[in-house]
1. Would you mind classifying segment B:1-107 by shape? Square roots of the alpha carbon gyration tensor eigenvalues, ordered a ≥ b ≥ c; an a/c under 1.5 is rounded, otherwise it is prolate if a/b is larger than b/c and oblate if not.
2. Tilt of helix A:203-220 relative to the longest C-alpha principal axis of chain A, in degrees (0 to 90, nearest 10)?
3. For residue B:418 and residue B:473, what does the FRET efficiency come to when R0 = 35 Å and r is the distance between their Cβ atoms, rounded to the nearest 0.05?
4. So how far apart, in nm, are the two label points at residue A:484 and residue B:714 if each is 7 Å from Cα heading toward Cβ?
5. Over 24 Å between Cα atoms: which of B:223/B:299; B:108/B:254; B:352/B:373; B:254/B:407 fall into that group?
6. Net charge around residue A:242, counting only other residues with Cβ within less than 13 Å of its Cβ (Lys, Arg = +1; Asp, Glu = -1)?
7. Kindly state, to the nearest 0.05, the FRET efficiency for residue B:23 paired with residue A:464, given R0 = 25 Å and r defined as their beta-carbon distance.
8. For chain B, what are Rg and Dmax over the alpha carbons, in angstrom?
Amino acid sequence: MNNLTFLPVLWPLFTGILLIFIAKRIKLQRWVSLFSSLIGIVLSMYLVFSVHSQGILTLGVGSWEAPFGIVIVADMLASLLVLTTNIIGLAILLYSFHSIGIERERHYYYPVFQFLLIGVNGAFLTGDLFNLFVFFEVMLMASYVLLVLGGTKIQLRESLKYIIVNVLSSSFFVIMVAYLYSVLGTLNMAQISQRIAEVNQPAILSVIAIGFLIVFGLKGAIFPLFQWLPGSYYAPPIPVMALFGALLTKVGIYSIFRTYTLMFYHDQGYTHTFLAWLALLTILIGVIGAIAYWDIKKIIIYNIIIAVGVIIFGISVMNEQALSGSILYLIHDMLIKAALFLLIGIMIKLCGSDDLRQMGGLIKQYPALAWTFFIAAISLAGIPPFSGFAGKLLILQGAGESGNFLGMAIVLLSSLMVLYSVMKIFMYGFWGTPKAGYRSAAVPVNKMLIPAVILVAISVLFGVATEFMYPFISQAVETLLNPDIYIKAVLKE
Amino acid sequence: MSLLHLAVFAPFLLALFVPILYKLFRQIHTGWFVLILPVLLFTYFSRFIPLTKQGDVITERAAWIPSLDITVDFYVDGLGLLFALLITGIGSLVVLYSVFYLSKEKEKLNQFYVFLLLFMGSMLGVVLSDNLIVLYSFWEFTSLSSFLLIGYWNERERSRYGAQKSLLITVFGGLSLLGGIILLSIMGNTFSIRELISQSGQLIDHSLFTPALLLVLLGAFTKSAQFPFHIWLPDAMEAPTPVSAYLHSATMVKAGLYLVARLSPVFAESGLWLWLVSITGLITLFWGSYSAIKQTDLKAILAFSTISQLGLIMSLLGLGAAALHYESMGETIYLAATVAAVFHLINHATFKGSLFMVAGIIDHETGTRDIKKLGGLMQVMPITFTVAIIGAFSMAGLPPFNGFLSKEMFLASMVSVLELDIFNMDTWGVLFPVIAWVASVFTFIYSMIVVLKPFTGKLSLKLLDRKPHEAPIGMLLSPIILASLVIVFGIFPNLLSSSIIKPAVASIQPSLVGPDFQVHIAFWHGPEPEVWMTIGIIVLGVLLYKTLSKWQGITMWVPDRISLNSLYDNGLRGLERSSSFVMKCLMTGSLRTYLLSVFLFFILSLGFTIYWKDAFTLDTKHFAPIGFYELLLAGVIVAAAIAILFAKSRLTSIIILGAVGYAISLFFVLLRAPDLALTQLVIETISVSLFLLCFFHLPLLASRKEERMTFRLNNAMISIGVGVIVTLIALSAHSNKLFDSISSYYLENAYKEAGGKNVVNVILVDFRGLDTMFEITVLSIAALGIFAMIKLRLTRRKDQS
Amino acid sequence: MKQNDLILQTVTKVAAFVILLFAVAIFLGGHYSPGGGFVGGLMTSAAIVLLLLAFDLKTVTAILPIDYKVLIGSGLLISSLTVAGGLLFGVPLMTHAYRYIDLPILGHISLHTAVLFDLGVYLVVVGVTMTIIQTIGESE
Amino acid sequence: MELLMAIVIGILFMCATYLMLSKSMLRIIIGTGLLSHGAHLLILTMGGLKGGSVPLLSDETASYVDPLPQALILTAIVISFGVTSFLLVLAYRSYQELGTDDMEEMRGTETNE
């Protein structure tokens, strides 16, 4: 029993509720959100260190022990992701103060923001498959609201597509849970894993495994289920976009982590090979997108897809190195993607356009912006010693050791293309001569830059101090590679 | 951490302070502050000379990510020290030169020196690291700083182009180097170069050996601008001239050479290595010298000349590997190739550095680098001219300059290929001296062009932007020092031989260099073939130079559109266009397309898995009997669902949907789920009224165009596919009930433990209460969202204002 | 919707009252028979909707001056406080407690924190449906 | 019975798919409605349709139907109610703002460059 485990979910819930009551007082909302975010970070840090010292923490909600009640499980992977989520939440919140606009703030932006965090943190922490579905829905519903909030034409249009695709994916989720319940008679992930191991994953379970891949792949935007993503992420204002880009797809990836390492790991020759191919195709399609556009939002959006592919590829390789790499890369990508979105947000506001061909010369007036972007960009491309490198290196090593040289080659080449795409932004956005006057007066550049700088600084630290992070990562991987640790912690056997 | 670590990281530290120094002391050229560091470092590294001379290796360790076997171990041996001295030595001269070259008023010196220091530190890191990952990190940083320096004048389109090109090509190489490093680490289970060297004997039989070799070489070749990757170097000349002299001639481009030299002990046993390195070098040597002749921009000539000289050194390093196969006989000959490589590396840095600085001076003083406009500068710039002559003659291989010595050694090595009988050298070996000789003739010609075109002939002032005069002494200082070195090393080559060259060769070929090995370089060593070759070069070179205008046209016969440059340009453009095309096809913006992919993927992936895994099973023994009412209701649901497909009006379809809902709630009654039935009933009512609220009051639309038959047919096929898959898996899943459900627990404990009799409700509020908690959260968010959606309309407001 | 039909209004008043009572009964009985906060809440909103149909929006707002969004918040708060109760008592979150007591008139009944939780559900459901209907109603 | 249910569910999914692939917003939303109906029935079927009485505990009955799927469905119904209402209002707003209910006219590729 450890109630701490669930606080990262309960805390934003209370904050959200409180914010509903004070919806008309914007200043107060900001302060409450900010304070809550800070506490959230402290809580999740405490969670990470507790898990580090005590091993997996569980909480049988309502005193009902697993597998009968819903059990909340904080293993290292989940805790780390919760911490990352809260950090990103804080940064985006800070950014929102200066950019989301008073109208949105008045219309429940902050409460829904907290509800989104509930969904994300809950999805990371739950140990129950149906409960995961519920948290997915919390997250999705919050994302629907954030996406459409403001009601501009493009938002309405893209929300419709986004919601319909997600309704479909939710239905798939429900039916896959139903199938699994029919075969295994349980919803508790640990028990599912245990029972699958007992019968050694018969054919029907491989089918269900692929089914879950479709569900989570849709959320994570893997090939060929990614098409909804670029349009929908393009529509909302920058902070929302950053929130989506940094968190939502990652929940899908996390779920693939869970299902493919904890549950369906007995038929890797089929399921994980399938996963590997999809991952590589995802990288390719992301690369194609990233070099096809001159729209900076699009470029970064397609970079999300590339990263998804790289991380999933690491999962599919399924050895210690590749999994550590994937986790490192996942955390790195969450931080740096959020930072990049915030940075290009400033660029777009300044230039009044998101077309690179309409930009230029920003470095002269805004050197701090330029260099923050530069560091973020090379981190994204995985240039050492920044944060993207260690993860990529481990994934490559893992792939090499398992003999997947094609994968290695694709991941390596994708780094080049990532660098190309972000340096294009640097070269055309910051270098050269200014195309038109900047709207400097309307944009509080320095205030908006602070959250991005925080994120980039954390990510740089994360890269340089990988050694400090490594014990945590390897603890997470240990659990992933030995489902028994998880099962024992949850079922108390 | 140690002093050595501090030395390598000092440039990075100083780089942090440069912007501050720049701000605080605007009156003092920032370069003066920066200059202190390379001078200090040069002195620091010089102290190692006596140590490495004895064959000692200085090692300093520090941890970075020991968990991943990544440690910052620096070690100084002959090869590393040679490069470290080059980097800091040339670095000092370049910084000194830049103080006079870049105006402190107009230029953004804060940025310039940060980049330059970043480069200096990274380059030191590359040549002193033992850990390959750390080496790679520094390696990429040299590429990045080069990118930033080439793009220093980024308002110029050409600068941006050159920066991007160099970045893409060198990072491409960097990544392939990374791939090679990873393969090496998989084979040898370490990132440490010295540990890899110690197990080189076993590595060669590993199946990954050849791929690793190729990848590493790719990295080295791109960095050192070897054919066909050399195309970035001429465009890199957009950088300020001090940068060209430093990065793109003396140091960074030699990182590839360093890598080849450093990893020779690992790879050189292989014939592939010998062939690839020497042939690539030779081709580059030839192509670079050939291309240099047709250039009209002084810096472009020097760029191609650099390419060519890099090729020369590369081919020597390749041939040096042959020594490994001739341990008993004539070993000195092939070792001599390595000696020549090292020697020429030093010489090249001196004469090419001075020539670049000369080109910079000409540019600075006349405003142009175009040799067609320049001429007769000898009279106004005598000192510069002297420096240029020394540099160019050395480059051409004329005595008594150092270039002559290394060029002779180079020719000697090429001739000695004829004696090799390994790896098919006996059949093709004859090409080596021939190509080398032809290339040397070209080298002679372009060296003459560099020095004679701008300085001799007629001075035509009207072609120049400003009236030329001799450069200030500060600017001349660095090239003069370099030119003096050219002479000193030419006349007293043995100043270097035992102190620098021998230890460097010993690190490249540790297994061959014994204590009794001595490097001795002499001017005259008898009427050997290379002497005759040199004489031939001079004679033919002079002849050809005199008749240059008559035959220069034939160097243009390769049209631009099939050149490597246009391959790069078109490749990049094509990549962008084809990506754009793919995206246009895939990203239609149409929801239907997106759903189609999802459904198709659903059908294909699950269908294939069912087929491949033979997952379909049907076991009827758990089936419940079918009752009459169930059958009837099922019929109603099916009929209603299908009827919606054909419903024409909105109202009808909404009402039929309601009917399906109600039928399902009846189903729930039959299936003994009263709570569900009740809920479904109420919800269906509210949903239908919402449907009506939202859709019924909308104005009627113009009747839609009839959808095409293929459209419907496609939809129908996909739909049937989805339905079939769902059914098949449902039946299989039901036939595979492998475990008892956990629900019996709820039935047993609902009253005992939770005090409720309606088990479903007890599950909802107690056993699985968390679901309910967040289900109402979902509802709440939806309500807030709907409220906001109706109330907040940013578009309308924008339209009004 | 301006139907000032007195008979209709009287009938709806009665009907709404009956439905409201029924809704409360269903809500309270949830633990033992079909029903619960959810269905109860929906029925309650149905009753209010009925009033809306008979009278107009303004009148109903005047009778029931409720900000339904605050109702949502309150419902969420009640439910989540029940969940968080575990923190105070050092038991796992959401652990319910119940006790049977004998009261005059009502007899043997149980006091159950689960009912408190369900009350939250009830309030949220009423709040949500009414928010939706009210906003759409106002927008048309 | 399960066979029958499986087929009914299959047909519901089929119709839902067909509707979702059409152009009209209303038909698409109706499609999602059918989709959730199908999913809910599937949960129930997957729990097993074996005889047993309503899961209201009493002393007389010995066997009950599986209550867990019912609870899951209830949660799922409520959630899909929330989503459907949101979607409906969104459709209504989009119609107001964009003047069409044809999804094919909402491609919005103009900003894709």
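1. On the way: a/c = 3.21, a/b = 1.65, b/c = 1.95.
Oblate shape, in that a/c is at least 1.5 and b/c is the bigger or equal ratio.
2. 20
3. Values: r = 50 Å, r/R0 = 1.43.
That gives a FRET efficiency of 0.10.
4. Output for this residue pair reads 5.3 nm.
5. Values: B:223/B:299 19 Å; B:108/B:254 28 Å; B:352/B:373 22 Å; B:254/B:407 18 Å.
Flagged as over cut-off: B:108/B:254.
6. Numbers: positive: A:250, A:297, A:337; negative: A:333.
In short, +2.
7. Numbers: r = 26 Å, r/R0 = 1.06.
In this case the efficiency is close to 0.40.
8. My reading of the Cα-based Rg and Dmax gives 37.9, 115 Å.
Each reported figure results from applying straightforward, stated rules to the coordinates on display, with no laboratory input. As the structure is a computational prediction, the values presented were derived from the model and not from experiment. Because the Cβ atoms are built from the backbone with ideal geometry, glycine has one as well, and the counts that use them run over all protein chains shown.
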